[in-house]
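Here is the structure we will look at, set down as structure tokens.
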Amino acid sequence: RLEIMKKIDSKIIKEKKELDFLEERLKRNDPMLMKRTVIYKLLYRATKDGNNASSFHNKCDNISGTLTVLKTSKGMRFGGYTEKTWNGNKENKKDGKGIAFCYSLDLFKIYNNSDKAESSIRCYTNEGPDFYGGDCYMFDIYFPIDTNTSSCTGYTQSHTSYGKFQKDYEINNGEINFVMQELEVFQILFD
């Protein structure tokens with residue numbers, strides 16, 4: 001655990017093998033990136049910075065290359081990566097080929113954004129990270145209207161533009177809905 005803490009300040013990512021799994025995909029077998037070290041700059045943690053949409057957008061908007069890490073109240077851990085920037089402008093954004101992806105830390109599975117998808121993410125003022133492909137989303141986090149409410153809800157889909165599932169809603173252990181326990185967003189840099 002101490003070795004990971006030197007690389008990433010996360011309450012969700014627990015083991016070196018989880019970080020290795022993410023780094024392999026972040027480097028995309030790119031010879032230039034393979035030689036470099038991944039730096040995780042913590043931008044936002046819901047339990048520290050505020051469990052509401054405005055805090056998420058204040059900390060994460062207009063920053064490219066972000067990794068979202070989510071833990072549900074039932075312990076499922078998943079997230080996504082995009083090089084596009086978040087904002088509250090009600091718009092969909094598309095990453096270049098082979099960039100955006102979603103993942104499950106519990107299954108050690110990557111879900112790549114389809115080249116045929118209309119978008120990779122969707123940005124809305126009252127939402128957190130929304131990995132959306134134009135026809136359906138991988139996961140979507142809704143912050144409560146009442147910012148004094150601590151639980152955020154979210155949804156996953158079984159048919160997405162982020163790859164094929166072996167079972168419905170597998171990224172969330174077969175359930176469509178979830179309650180967010182923790183959310184972290186990191187800017188990914190290469191040294």
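For the listed peptides 118-131, 61-74, a ranking on the average number of other beta carbons within 10 Å per residue, highest first, reads 118-131, 61-74. Straight-line reach from LYS97: taking Cα to Cα under 16 Å and skipping same-chain neighbours fewer than 8 places apart, the aspartates and glutamates in range are ASP30, GLU83, ASP115, GLU118. Here are some pairs, LYS17/LYS109; LYS16/LYS94; LYS74/LYS94; which of them have Cα atoms lying more than 23 Å apart in this structure? Pairs exceeding the cut-off: LYS16/LYS94; LYS74/LYS94.
A 1.4 Å probe, protein heavy atoms only, puts the accessible area of ARG36 near 100 Å².
To the nearest 10 square angstrom, how much accessible area does ILE176 have with a 1.4 angstrom probe? Accessible surface of ILE176 is approximately 70 Å². With a cut-off of 14 Å between beta carbons, the residues surrounding THR72 carry a summed charge of -2, where Lys and Arg count +1 and Asp and Glu -1. Per-residue SASA remark: MET34, around 90 Å² accessible (1.4 Å probe; ligands, DNA and RNA not included). If R0 equals 41 Å, the separation of the Cβ atoms of ASP168 and ARG36 corresponds to a calculated FRET efficiency of about 0.60. The charge dipole of region 1-106, taken about its Cα centre with unit charges on the Cβ of Lys, Arg, Asp and Glu (plus for the first two, minus for the last two), comes to roughly 120 debye. For the chain, the solvent-accessible area with a 1.4 angstrom probe is 48 square angstrom per residue. The share of accessible area on the chain that comes from carbon and sulfur is 46 percent, using a 1.4 angstrom probe. Ignoring lysines fewer than eight residues from LYS90 along the same chain, the ones with Cα atoms less than 19 angstrom from its Cα are LYS59.
The values are calculated or read from the model by the stated rules, or taken from the named source; none is laboratory data. Keep in mind that this is a model prediction, so the values were computed, not measured. Neighbour counts run over all protein chains shown; Cβ positions are idealised from the backbone, glycine included. For accessibility, only protein heavy atoms count, side chains too; no ligands or nucleic acids. Shrake-Rupley method; radii C 1.70, N 1.55, O 1.52, S 1.80 Å.
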